[in-house]
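Let me begin by presenting the structure, written as C-alpha cells, before commenting on it.
Derivation of every value follows stated rules applied to the coordinates shown; laboratory data play no part. If you're wondering where the values come from, they're calculated on a predicted model, not measured in any experiment. Cβ atoms come from the backbone with ideal geometry, glycine included; neighbour counts cover every protein chain shown.
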Amino acid sequence: MIPDRVVARIAARAAATAIHQITGPRSAGADLAAPRAHAATHDGTARLALTLDLPYPMDISGTCRRLQHEISEQVARMTGLDISEVMLTVRRLVISGQPARVR
C-alpha cells in the first residue's frame with residue numbers, strides 16, 4: 001500500500017511535467033507556481049485533487065482535459081493504482097510572453 005502523501009507527490013510531479021509538455025513554450029516564459037496535490041487512496045484506487053497555475057492565453061478547458069488524462073495515466077503507471085478521479089483547480093492564469101507590469 002502506497003501512502004496518500006506519496007501518491008500526492010507523484011501526482012504533483014506528473015502535473016508539472018504534463019503542463020510543460022502540453023503548453024510547451026508558453027509555460028517556459030510564465031512564472032507558474034509548482035502544482036499542489038492531495039490524494040485519497042482506498043482498495044487499489046485513488047482520487048486526486050490538484051491546484052495549479054496555467055499560462056494564458058490558451059484553451060483552458062481543453063488543456064485541463066488533457067492534463068487530467070496525462071496525470072491519471074502517469075500516476076496509474078507509476079503506482080499501479082486505478083485513478084478514479086482527477087479534479088483540477090486552476091489557482092491563477094499567468095499571462096505568458098509579455099513582460100511583467102511595472103508601476
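See the values below:
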| item | result |
| --- | --- |
| Cα gyration tensor, segment 4-95 - rounded (a/c under 1.5), prolate or oblate | prolate |
| For segment 56-65, 3J(HN,Hα) per residue [Karplus equation, 6.51 cos²θ - 1.76 cosθ + 1.60, θ = phi - 60°, Hz, x = Gly/Pro] | 9, x, 5, 7, 5, 5, x, 5, 5, 4 |
| In Hz, Karplus ³J(HN,Hα) per residue of segment 14-19 (6.51, -1.76, 1.60; θ = phi - 60°; x = Gly, Pro) | 4, 5, 4, 5, 5, 4 |
| Peptides ranked, highest mean first, by Cβ atoms within 10 Å: ranges 17-24, 89-96 | 17-24, 89-96 |
| Extended-chain gain in nm, criterion 0.36 nm per residue less alpha-carbon gap, residue 66 and residue 49 | 4.6 nm |
| Residue-count net charge about residue 43 - beta-carbon cut-off 15 Å; Lys, Arg +1, Asp, Glu -1 | -2 |
| Dipole of the chain, positive end: most advanced residue of 38, 3, 95 [Cβ charges, Cα centre] | 95 |
| The chain: relative contact order as a whole-number percent, Cα under 8 Å and 6+ apart | 33 percent |
| Sorted by Cβ density within 10 Å, fewest first, the residues 87, 78, 1 | 1, 87, 78 |
| Residue-span extension gain [residue 38 to residue 6] - 0.36 nm each, minus C-alpha spacing | 10.6 nm |
| For segment 83-95, Karplus couplings with θ = phi - 60° (6.51, -1.76, 1.60), whole Hz, Gly/Pro x | 8, 8, 7, 10, 9, 10, 10, 7, 5, 7, 9, 10, 5 |
